[in-house]
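No value in this document is a laboratory result; all are computed from the given coordinates. Note that this is a predicted model, so its numbers are computed, not measured. Virtual Cβ from ideal backbone geometry, glycine too; neighbours counted across all protein chains shown.
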């Protein structure tokens, strides 16, 4: 169960296809606020499809995806983040020669965000606080 006011992502009976090929078969999972969930498996097991289905990028043929009781399966992909879910695909779109601080500042500037957002980012990723002066290209995984 979730704490009052906390969010839970609940997937039940999720089936997804690429054309005629079914990739997800009745997937069930629950992720409560503050938990970490790892999806792992061989190539083609459905890890990326699961994430894309949550984000509305792959349609659900059956089942339900809910965030704190709000159904996401009927939402357009651009409306899913507005409901409170984000997908950050693997990527290293950093300026490798610049510091972590400089990369964060550029991201904030391009989005018109300020100090409060910077602090929220550093709260979400506390190890970055220790590496603000480090060149981004020297970070493990970028």
Quick note on 27, 72, 124, ordering by fewest other C-beta atoms within 10 Å, gives 124, 27, 72
Label-point separation (nm) for residue 110 and residue 76, each offset 7 Å from Cα along Cα-to-Cβ?
2.4
Be a star and scan the range 107-142 for residues whose amide nitrogen sits under 13 Å from the point 7 Å along the Cα-to-Cβ vector of residue 97.
136-137
With springs only between Cα atoms under 10 Å, which of 67, 132, 24 fluctuates most in a Gaussian network model of the chain?
132
Answer label for log10 I(q)/I(0) by the Debye sum over Cα atoms at q = 0.13, 0.14, 0.17, 0.18 Å⁻¹ (calculated), chosen among (i) -0.75, -0.84, -1.07, -1.12; (ii) -0.95, -1.06, -1.23, -1.25; (iii) -0.68, -0.75, -0.97, -1.04:
(i)
Kindly identify the range 37-117 as rounded, prolate or oblate by the Cα gyration tensor criterion: order the square roots of the eigenvalues as a ≥ b ≥ c, call it rounded if a/c is under 1.5, otherwise compare a/b with b/c, prolate if a/b is larger, else oblate.
oblate
GNM on the chain, Cα springs under 10 Å; top mean-square fluctuation among 117, 23, 58 goes to 117
For each of 30, 36, 21, count neighbouring Cβ atoms within 10 Å of the residue's Cβ, then give the residues from fewest to most.
36, 21, 30
Plugging the Cβ-Cβ distance of residue 61 and residue 36 into 1/(1 + (r/R0)^6) at R0 = 30 Å yields, to the nearest 0.05, a FRET efficiency of 0.60
Mean separation of Cα contacts under 8 Å (at least 6 apart) over the residue count of the chain, i.e. the relative contact order in percent, is 20
Have a look at 34, 114, 26 and tell me which one the Gaussian network model of the chain (Cα, springs below 10 Å) gives the largest fluctuation.
114
Report the full-extension gain for the segment residue 48 to residue 29: residue separation times 0.36 nm, less the Cα-Cα distance, to one decimal in nm.
5.3 nm
Going by how many other beta carbons lie within 10 Å of each one, how would you line up 18, 87, fewest first?
18, 87
